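See below for the structure under consideration.
Read the figures in this text as sums done on the coordinates, not as results from a lab. All figures in this text were calculated on a predicted structure; none of them were measured in a lab. We place every Cβ from the backbone using ideal geometry, glycine too, and count neighbours over all the protein chains shown.
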Amino acid sequence: GGLAPAATVDLDRDQVLGVLEAVWRRGDSALEKSLYGHAAAVTAKYCGGGVYYRGLVEFSNICQNDCSYCGIRNNQKDVYRYTMTEEEVVEVAKWALENGIRNIMLQSGELHTEQRLEYLERIVRAIRKETVELDLARRAVAACGDGSLAAPSADAAIKNPEAEDELGVAVSLSVGELPYEHYERLFKAGARRYLIRIETSNPDLYAALHPPPLSWSHRVDCLRALKKIGYMLGTGVMVGLPGQTLRDLAGDVVFFKQERADMIGMGPFITQDGTPATRVWTDLYPAVDKNAHMKSMFELTTAMNALVRITMGNVNISATTAMQAIIPTGREIALERGANVVMPILTPTKYRESYQLYEGKPCITDTAVQCRRCLDMRLASVGKASAAGVWGDPASYLHP
Ligand code: 5AD
């Protein structure tokens with residue numbers, strides 16, 4: 001009572017759990033309606049109808065970790081391992097700029113070598129420099145008519161943080177747990193956002209899924225280090241991991257707020273042949289109807305998105321590709337229930353089938369052009385459009 005329609009609400013873990021239980025049981029359509037209606041109102045307040053695109057470039061599937069759910073884990077058999085060349089990655093970034101996508105996410109398996117670090121530093125620097133130059137050249141042409149002289153140089157623009165604002169393509173990284181100095185060097189090279197899912201806020205469940213040397217507390221240290229260095233922090237979880245409870249999921253929502261995440265990405269856990277987690281899942285739930293189960297996980301994931309939107313307000317929430325793996329219009333539905341970001345896959349087609357984290361991953365035979373157009377149509381189908389030409393920083397980062 002007395003609550004402004006688009007106000008954020010502070011929910012504790014038990015209150016979040018209560019909502020998740022109702023969604024899980026289904027049948028309470030009034031509650032679902034008001035949950036999703038409220039989430040949509042808060043989303044409209046902070047994001048309008050605009051949706052931000054983040055172009056995803058899966059530049060390498062080589063990984064030294066062995067996360068038990070993942071299709072590119074170190075011990076997964078029959079995976080052709082690739083790493084894109086520096087030129088290929090930079091070309092994709094320039095294509096993104098030409099196509100109104102001002103934000104790209106470079107993602108890969110985890111590899112801690114100095115060689116990999118230097119490769120990434122060079123790529124980040126090259127993307128920033130070349131896309132800022134392209135932008136300045138375009139502005140110079142546009143300014144010709146009103147008598148202004150040459151535009152400032154790209155070097156000057158990059159060195160001056162004010163001038164750098166909204167120029168070129170912003171670079172985000174999603175390359176796992178790295179030493180603090182590596183995070184610092186990549187920030188210096190020009191990366192400004194970093195995605196690293198906590199996967200689950202329950203340390204015991206985390207330990208069951210991630211063999212040593214991975215540990216939950218080290219993962220949390222990484223999140224905090226990234227935030228301290230000044231990155232916009234993205235994190236998230238999977239929904240429906242074998243052994244996960246609704247109480248765990250309620251804890252996830254609280255965790256995101258506690259760690260002051262700027263971006264959240266969540267998706268249902270999806271089985272993948274040849275992974276230990278899939279064997280555990282099949283043993284744990286021998287009797288479930290898998291289709292019905294995945295639909296429930298989809299509903300729970302959208303409820304999680306809505307709860308994050310309602311409790312955190314001005315963060316960026318991604319309608320993830322895994323949502324579309326369950327329901328063909330899954331990403332559109334997520335955008336109506338609190339999400340405001342979609343990530344068109346820009347990875348060159350020839351590499352896509354080797355980046356199969358889970359079964360049925362969509363868009364595996366598509367090109368970047370197709371992914372871009374397809375998402376434009378999907379947004380239009382729910383009355384939304386991409387906020388092209390802007391970086392789309394989450395307000396949580398600009399006004400912490
Ligand atoms: N099902 C769903 N999501 C998965 N991821 C990895 N494997 C799976 C799977 N089997 C997610 C993880 C990781 C992100 C890149 O992909 O959450 O952080």
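Sort region 291-371 into rounded, prolate or oblate with this rule: let a ≥ b ≥ c be the square roots of the eigenvalues of the Cα gyration tensor; rounded if a/c is under 1.5, and if a/c is not under 1.5, prolate when a/b is larger than b/c, oblate otherwise. Oblate.
From least to most packed, judged by other beta carbons within 10 angstrom and beginning with the fewest, PHE255, PHE269, PHE187 follow the order PHE187, PHE255, PHE269.
Kindly flag which residue pairs out of LYS361/LYS384; LYS45/LYS228; LYS188/LYS361; LYS33/LYS227 have an alpha-carbon separation exceeding 32 Å in this structure. Listed pairs above 32 Å: LYS188/LYS361; LYS33/LYS227.
First obtain the Kirkwood hydrodynamic radius of the chain from its Cα pairs, then insert it into the Stokes-Einstein equation at 20 °C and 1.002 mPa s, and state the resulting D in µm² per second as a whole number. Value of D from the Cα-based Kirkwood radius: 99 µm²/s.
I want the antiparallel fraction of DSSP beta bridges within the chain, as a percent rounded to 5.
Values: 1 of 31 bridges.
Percent antiparallel among DSSP bridges in the chain is about 5.
Neighbour counting of Cβ atoms within 10 Å sorts the residues LYS290, LYS227, fewest neighbours leading, into LYS290, LYS227. When CYS47, CYS363, CYS144 are sorted by how many other C-beta atoms sit within 10 angstrom of their C-beta, beginning with the fewest, the order is CYS144, CYS363, CYS47. Only aspartates and glutamates eight or more places from LYS290 in sequence, or on another chain, were considered; those with a Cα closer than 19 Å are ASP273, GLU299, GLU359. For region 77-138, divide the Cα radius of gyration by the Kirkwood radius and give the resulting Rg/Rh value with two decimals. So for region 77-138, dividing Rg by the Kirkwood Rh gives 1.04.
Ordered by packing density, taken as the mean number of other Cβ atoms within 10 Å over each peptide's residues, highest first, how do 304-312, 215-223, 196-204, 319-327 rank? Numbers along the way, then the final one.
Details: 304-312: 25.6, 215-223: 16.0, 196-204: 19.7, 319-327: 23.1.
Top to bottom by mean Cβ count within 10 Å: 304-312, 319-327, 196-204, 215-223.
Sorting 166-175, 231-240 by average packing, meaning the other beta carbons within 10 Å per residue, from highest down gives 231-240, 166-175. Using a 4.7 Å Cβ-Cβ cutoff, the cysteines of the chain lacking any partner cysteine are CYS47, CYS63, CYS144, CYS222, CYS363, CYS371, CYS374.
Can you check what the net charge comes to around ARG73, using other residues whose Cβ is under 11 Å from the Cβ of ARG73 (Lys, Arg +1; Asp, Glu -1)? Can you show the working numbers first?
Values: positive: LYS77; negative: ASP66, GLU110.
Within the 11 Å Cβ shell, the charges total -1.
Once every DSSP H run of n ≥ 4 in the chain is given -39500 (n - 2.57) and the sum is divided by its residues, what mean residue ellipticity at 222 nm do you get, rounded to the nearest 500 deg cm²/dmol? Dividing the helical sum by the residues of the chain leaves -15000 deg cm²/dmol.
Can you tell me how region 1-145 classifies by the Cα gyration tensor, rounded, prolate or oblate, using a/c under 1.5 as the rounded cut? Present the calculation step by step, with values, prior to reporting the outcome.
Values: a/c = 3.25, a/b = 1.37, b/c = 2.36.
Judged from the Cα gyration tensor, region 1-145 comes out oblate (a/c at least 1.5, b/c at or above a/b).
Summing Cβ point charges (Lys, Arg +1; Asp, Glu -1) relative to the Cα centre of the chain gives a dipole of roughly 440 debye.
Ranking PHE187, CYS144, ILE62 by Cα position along the charge dipole of region 13-398, where only Lys, Arg, Asp and Glu carry charges on their C-beta atoms, puts CYS144 farthest toward the positive end.
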